[in-house]
2 protein chains.
Amino acid sequence: MRRLPLTLLAASLMLAIGSANAATQTTVPAAAVKTAEQLRDKAMNDNTAYEIVSSVTTEVGPRLAGSPADARGREWAIAKFKALGFDKVYTEEVSYPLWERRSEHAEIVAPFPQPLDLIALGYSAGTPKGGLTAEVVKFDSLDALKSADPTKVKGKIVYVDARMTRQKDGHDYGMGSAVRVGGPVIAAKMGAAAFLLRSAGTDANSRTPHTGVTGFTGPDGAIPAAALSNPDADQLSRIVGYGKPVSIKLDLDVGFNGTYKGANVIGEVTGKTHPDQGVAIGGHLDSWDPGTGAIDDGAGVAIAMAAGKLIHDMPQRPDRTIRVIAFANEEMGLWGGKAYAEKHAKEVSKFQLGTESDFGAGKVWLMTASVKPEARGAIDQIAKVLAPIGVAYDASKPGGGGSDLSQMHGKGMAALTLVQDGTNYFDYHHTANDTLDKIDPKELAQNVAVYAAFSYMAAQADGDFGSAPGAFANDGAEE
Amino acid sequence: MRRLPLTLLAASLMLAIGSANAATQTTVPAAAVKTAEQLRDKAMNDNTAYEIVSSVTTEVGPRLAGSPADARGREWAIAKFKALGFDKVYTEEVSYPLWERRSEHAEIVAPFPQPLDLIALGYSAGTPKGGLTAEVVKFDSLDALKSADPTKVKGKIVYVDARMTRQKDGHDYGMGSAVRVGGPVIAAKMGAAAFLLRSAGTDANSRTPHTGVTGFTGPDGAIPAAALSNPDADQLSRIVGYGKPVSIKLDLDVGFNGTYKGANVIGEVTGKTHPDQGVAIGGHLDSWDPGTGAIDDGAGVAIAMAAGKLIHDMPQRPDRTIRVIAFANEEMGLWGGKAYAEKHAKEVSKFQLGTESDFGAGKVWLMTASVKPEARGAIDQIAKVLAPIGVAYDASKPGGGGSDLSQMHGKGMAALTLVQDGTNYFDYHHTANDTLDKIDPKELAQNVAVYAAFSYMAAQADGDFGSAPGAFANDGAEE
């Protein structure tokens, strides 16, 4: 007799929990899960993203923020969204300091005269007309520079020789970018004449230096700052190793030149039930200028556009809007992302979930999420749909939303991080070698499958993911 | 009874052949073979060649023939031979047309404005000041250009898009260099405004265009000619594929500028018995200018110098002289090799054997030889010493002496060809990526072992290898 009541008790308890779930837990309806699986499978064999990234890298080429190609890039994005059939295409202005690269030359003057391959860093000052010649002082790390005697740095060209290594998650870029961003500022404060670093890049054998932004915020206090390719850094370090004074002439015609007004370009697939609610995905439209911005970030724009297009092409619009954002000037400080977040902070609750693709074109292998606890079940559902195409899910770590959308996440938007395989990303990142040939169409398609499936499921979910002003403020996500 | 006479007959015959052999066959004495084996084994663990190639690429850097670095390269070679203890160090003048590279820029003007990475080819004409803009006409091969309607080429920028692939023996360079050398001349004769090619290189994904010489011989009839990196060629071909007229602006400040007097730099380990007879080995001292000339041909100079140094460091000088030649201006037409051959043609019989190292720093895997039939036994002996370090011997093919020394072979010098593994050679050849980091010290040391062992054995041989005026004229060797 005890058996039956116990079973009944258990059954009632389960029913109670089930009811509570139904009321407060965000879930993706079974039909939407099935459709997402179909979207995923279709995307795996779809070439749209590759065609898009081929289009932007070929027809626009390098897209340095604020350059003449910036405007061409926007025109391209507007036209492409329209050609793909997006329901609504519009721009939102983004203003930022204009920084220009006009020319750059460098040579070792003594003891062994010879040219050096380098590239000026974003927000670097130019050298005086005719160039700047000074002695080199070498440090093996940013910490070594920080703890140096300032009298040994004053008037010198500071050279930090710290080497990045390849990793799937690319975590060494934390060190590399810290040298590139922080090093010039520290050197400038110590009175250095200029700053050089071994490129923050993992291509040990390629004469393609890696540019990227510094921590300078305007002409005041900025000094000339540039990156040497890895073989050039090898050469300079070898020459310093002879123990003789080494002097370098830098001739960098670069610098700030007023303010530029660009724009984020946005395409929407309008939701049929809640058009004001939506999922935000995207990439950034600008690129560094030595390459054609294929992996950084034509790929991201293409992945998001193609995911939106796949959802657009379904028989019915999704319940909520899919918003694809091609951000302006990510490279020099998330200008597009910050402008977007400022403009849309008050509507943060309308964003179901968001994330940006900005780590190349390698396969997504890991998903993490910052959502409210009641939405973990829906994330689990997304994870189950993505698992067959190689995406693991780590529920213990936050999601940050990617580069520009980290700013909306900072305002309280629930966010995923979709980690791509970045093993080779820092071989090409910010170099002349960031060109279309680095993209494998099959790997790119896997990204589209991930973005299309999760976006659709988030758009169809019963319930939200916890977006609210100030939510996720302490989730520890870093972008 | 018949047995004995027969045996006796055979014995006498063998004796007769043996006597004939002793009189006419060139052989390496057993003691010399043993010493060569010791030299070989010592060389395999010797770092001298790597130190030499590090020295020239670091202390001199790029060494374009006729540039200020040409003189510094000669001074370096003289000093290095002396520092290594060579018995005799001297120079022999080499004159050639001076060609200079000052600056080069290119951009697609229409339909998709963007910069192109290219490098002017040797003996290219410059464009008019301010640049040259013309429409592009694309061909898939040199043959397609040859058979084109000249009216379709006149006034256009001819672009030949032929792709090289990787091979161990690098034979696709035959096609690639034919396009580079012959293409500009053919295009010029057809009235083209300029000539572009997809680089004669196998690095499909690197923005490092490959320079190299054209078939122009002076300013008359020369047009601007340049190579696009492989990704730039991909881009241009993709843009041509849109079917719209494509125009390019070229701004190449390059060209002929009088005559330059350089020199071959020669170091000798003087033979103790026949100092006037010798073995000739070497490499070329000049390099193309975008890289530091590590694999082309700092490595060759280093291999030959290090082989000479190892023989120099033996308790006794070899019987004949080891002559190490660092040739001037190989790159723009074997100027050093031709001057050497002209000067020394009458003494060709004094050269036991010769060969130059000019195919990078990969291991030697094959030996071929052009020698008189009576010296095949000595070559067999050399082959036996080299076999344990991975060198095969193909007795059916001629030896050509390498790049510059092909000219002495043309005068009748017996010659080897020591084929290196060139699988990756054309990834870096004539590009900015020809830098020290491409050299594996262990593979370089294997080359030194080969050169030291064969040079010593040839210097100690009883008999010669057949060098004589006009010998080997029809051996079919190509260099």
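The values are calculated or read from the model by the stated rules, or taken from the named source; none is laboratory data. The structure presented is a predicted model; accordingly, all values stated were derived computationally and were not measured. Cβ atoms come from the backbone with ideal geometry, glycine included; neighbour counts cover every protein chain shown.
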Problem set entry | Flag if A:Asp70 is among the acidic types (Asp, Glu) and over 20 Å from A:Glu330 (Cα atoms) | no
Problem set entry | Conditions (1) over 25 Å from B:Ala432 (Cβ atoms); (2) touching a strand residue (DSSP E or B) at 6+ places or on another chain (Cβ under 8 Å); (3) surrounded by fewer than 23 Cβ atoms within 10 Å (Cβ to Cβ); number of the one not met by A:Asp251 | (1)
Problem set entry | Which numbered condition A:Ser287 misses (of (1) more than 14 Å from chain B (Cβ to nearest Cβ); (2) within 16 Å of the chain's Cα centre (by Cα); (3) buried (at least 24 other Cβ atoms within 10 Å of the Cβ)) | (1)
Exercise. Only one residue in A:Ile295, A:Ile322 is among the β-branched types (Val, Ile, Thr), in contact with a His (Cβ under 9 Å, 6 or more places away or on another chain) and within 14 Å of another protein chain (Cβ to nearest Cβ). Which one?
Worked result: A:Ile295
Exercise. Quick check, is B:Ala341 in a helix (DSSP H, G or I), surrounded by fewer than 24 Cβ atoms within 10 Å (Cβ to Cβ) and without any contact (Cβ under 8 Å) to a residue 24 or more places away in the chain?
Worked result: no
Exercise. Is it the case that A:Asn433 is touching a residue at least 12 places away in the same chain (Cβ under 8 Å) and under 30 Å from A:Ala263 (Cβ atoms)?
Worked result: yes
For this session: Considering each residue of segment A:149-198, count those that are touching a helix residue (DSSP H, G or I) at 6+ places or on another chain (Cβ under 8 Å) and in a loop (DSSP other than H, G, I, E, B), and give that number.
Result: 10
Problem set entry | Residue in segment A:259-281 that is crowded, with 24+ Cβ neighbours inside 10 Å, at positive phi and not small (Gly, Ala, Ser) present | no
For this session: Collect the residues in segment B:71-99 that are in contact (Cβ under 8 Å) with a residue 60 or more places away in the chain and among the aromatic types (Phe, Trp, Tyr), keeping them in residue-number order.
Result: B:Phe81, B:Phe86, B:Tyr90, B:Tyr96, B:Trp99
Problem set entry | The lone exception for A:Val213 - which of (1) free of Cβ contacts under 8 Å to residues at least 24 places away in the same chain; (2) in contact with a strand residue (DSSP E or B) (Cβ under 8 Å, 6 or more places away or on another chain) it fails | (1)
Exercise. For segment A:403-442, what are the residues that are under 12 Å from A:Glu356 (Cβ atoms), in a helix (DSSP H, G or I) and aliphatic (A, V, I, L, M)?
Worked result: A:Met408
For this session: Could you look through segment B:151-171, keep only residues that are surrounded by fewer than 17 Cβ atoms within 10 Å (Cβ to Cβ) and modelled with pLDDT of 95 or more, and pick out the one that is farthest from B:Ile108 (Cα to Cα)?
Result: B:Thr151
For this session: Provide a single number: the residues in segment B:57-74 that are under 12 Å from A:Gln114 (Cα atoms), more than 10 Å from chain A (Cβ to nearest Cβ) and among the hydrophobic types (A, V, I, L, M, F, W, C).
Result: 1
Seminar exercise, completed: Within segment B:21-50, the residues that are touching a residue at least 24 places away in the same chain (Cβ under 8 Å) and either within 14 Å of chain A (Cβ to nearest Cβ) or basic (Lys, Arg) (or both) are B:Arg40, B:Lys42, B:Tyr50
For this session: Identify all residues within segment B:413-458 that are of a type in the set (Val, Ile, Thr) and either within 14 Å of chain A (Cβ to nearest Cβ) or touching a helix residue (DSSP H, G or I) at 6+ places or on another chain (Cβ under 8 Å) (or both); write none if there are none.
Result: B:Thr431, B:Thr435, B:Ile439, B:Val448, B:Val450
Problem set entry | Candidates B:Gly278, B:Gly243 - the one that is in contact with a helix residue (DSSP H, G or I) (Cβ under 8 Å, 6 or more places away or on another chain), at pLDDT 95 or above and of a type in the set (Gly, Ala, Ser) | B:Gly278
Problem set entry | Test: residue in segment A:408-421 that is under 15 Å from the mean Cα position of the chain (by Cα) and surrounded by fewer than 22 Cβ atoms within 10 Å (Cβ to Cβ) | yes
Seminar exercise, completed: Checked segment A:306-338 for anything surrounded by fewer than 24 Cβ atoms within 10 Å (Cβ to Cβ), closer than 20 Å to A:Asp286 by Cβ and in contact with a Gly (Cβ under 6 Å, 6 or more places away or on another chain); matches are A:Met332
Exercise. For segment B:33-148, which fully contained helices (runs of 4 or more DSSP H) count at least 1 residues that are surrounded by fewer than 21 Cβ atoms within 10 Å (Cβ to Cβ), modelled with pLDDT of 95 or more and over 26 Å from the mean Cα position of the chain (by Cα)?
Worked result: B:142-146
Exercise. Of all residues in segment B:370-392, which are within 20 Å of the chain's Cα centre (by Cα) and either free of Cβ contacts under 8 Å to residues at least 60 places away in the same chain or more than 20 Å from B:Pro469 (Cα to Cα) (or both)?
Worked result: B:Val391
For this session: Please work out which residue is farthest from B:Thr165 (Cα to Cα), limiting yourself to segment B:200-238 and to residues that are within 9 Å of chain A (Cβ to nearest Cβ), buried (at least 23 other Cβ atoms within 10 Å of the Cβ) and not acidic (Asp, Glu).
Result: B:Gln235
Exercise. In this structure, does A:Ala452 turn out to be surrounded by fewer than 24 Cβ atoms within 10 Å (Cβ to Cβ) and either within 30 Å of A:Arg207 (Cα to Cα) or of a type outside the set (Lys, Arg) (or both)?
Worked result: no
